Amino acid sequence: MITNQTIRVLELLKRFNNNQKVCIGSLQNEFLWEGKSEKTIRRDLDVIKNAFPESFELLRGEKGCYKALTKKSFEGFLTPQNISILVQTFNIAQRSNSFKNFDIDASDKSIIERKLKDSKKIYEFKNKPFESSTGEYELFHKIEDSIYYQKPIIITYEIQDKTIDKELKPYKILFMNENFYLAAEVDEEYIFSLFRISKIKEINPTNKTFHKNPEISNFIVDIQTPFPRYQPNYRNFLIDILLEVDSSKAYFFKNKNFLKSQKILEEKENGNLLISYKVTQDLEIEELVKRWLPHIKVIEPISLRKKIEDELKAYLM
């Protein structure tokens with residue numbers, strides 16, 4: 001015999017499966033739950049939760065409202081761009097030793113591997129974020145742990161043809177320009193620096209702990225390139241850059257922020273754009289300017305324009 005609660009639970013399951021939001025307050029106004037207390041409705045939800053512990057979640061900021069994570073929930077997320085990122089991630093993992101460390105059921109792993117083969121008929125990746133190596137997974141795992149537990153580490157780092165040992169306070173792993181970087185507080189001389197993870201040869205944890213500097217945490221959020229220069233009260237020392245972009249390349253700058261601080265100030269009658277940036281040092285903008293020469297011109301600061309002109313003259317001599 002089907003009970004009233006069974007009917008109510010089946011209705012809730014149907015709604016979750018259809019990606020509908022379920023709110024206790026709204027249910028109390030419906031026929032199936034008419035006259036039912038909040039406690040009774042929560043018991044109905046508990047029946048589902050006990051059978052399927054991860055079937056639905058409470059919506060933050062909406063009291064008494066729940067929603068399931070179904071396939072439909074991800075339809076907006078699985079855009080071509082995001083699919084390409086996911087495929088690339090698994091391709092990297094498969095080529096390295098990381099794939100064997102994924103906590104995935106063997107049958108699920110088989111499905112993923114089959115999907116990877118199918119993806120190669122559609123996607124072709126010319127770059128990968130980092131070079132695969134046998135200690136890759138262990139290295140990232142050590143970094144992740146040290147960041148999570150706020151423990152200083154000692155790294156062995158490759159610089160040109162030599163290696164150095166450096167004690168760091170790790171803050172975040174950043175992904176920029178197809179490379180992973182460790183953002184860390186260093187010492188009194190450098191204070192903060194980025195370390196390319198592919199050049200870290202060894203990591204030794206320490207038994208110490210540290211407290212993060214809030215300003216450095218904010219600085220990491222503001223980082224735009226792999227060449228930031230940190231100093232205390234860094235926002236007071238940002239350099240204003242003004243560039244003029246030729247109309248023939250204006251489209252690209254209108255449709256993409258090459259740096260987070262990019263602002264289009266004016267579009268001239270001839271179609272040229274005046275664009276501003278804020279950087280921590282000239283090095284952060286030099287690569288962008290050189291990439292778009294001769295269709296870009298430095299207006300301010302004069303010192304940067306002269307530096308690039310001198311480099312070009314030296315190159316052409």
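The values are calculated or read from the model by the stated rules, or taken from the named source; none is laboratory data. Note that the structure is predicted; figures quoted are calculated from it, not measured. Don't worry about glycine lacking a Cβ; one is built from the backbone with ideal geometry, like all the others, and counts go over all protein chains shown.
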Handout entry: Filtered residues of segment 140-166 (kept if loosely packed, with under 15 Cβ neighbours inside 10 Å and farther than 14 Å from residue 196 by Cα)
Key = 141, 144, 145, 148, 149, 150, 154, 161, 162, 165
Exercise for the section: Find all pairs meeting these conditions: Cβ atoms under 7 angstrom apart; at least six residues apart or on different chains; first residue within segment 3-21 and assigned by TED's automatic domain parsing to the domain that holds residue 41 and of a type in the set (Asp, Glu); second residue at pLDDT below 85 and surrounded by 14 or more Cβ atoms within 10 Å (Cβ to Cβ). Expected result: none
Exercise for the section: Would you check if there is a residue in segment 223-239 being assigned to a strand (DSSP E or B) and either assigned by TED's automatic domain parsing to the domain that holds residue 273 or closer than 22 Å to residue 263 by Cβ (or both)? Expected result: yes
Exercise for the section: Name the residue, out of 290, 307, that is more than 32 Å from the chain's Cα centre (by Cα) and either assigned to a helix (DSSP H, G or I) or of a type in the set (S, T, N, Q) (or both). Expected result: 307
Fill in the blank from the handout: Among residues of segment 189-233 being surrounded by 15 or more Cβ atoms within 10 Å (Cβ to Cβ) and among the hydroxyl-bearing types (Ser, Thr, Tyr), the residue farthest from residue 150 (Cα to Cα) is 225
Problem - Whichever residue in segment 167-219 is among the hydrophobic types (A, V, I, L, M, F, W, C) and free of Cβ contacts under 8 Å to residues at least 40 places away in the same chain and, among such residues, is farthest from residue 154 (Cα to Cα) - result: 219
Problem - Residue tally, condition modelled with pLDDT of 95 or more and surrounded by fewer than 12 Cβ atoms within 10 Å (Cβ to Cβ), over segment 236-263 - result: 4
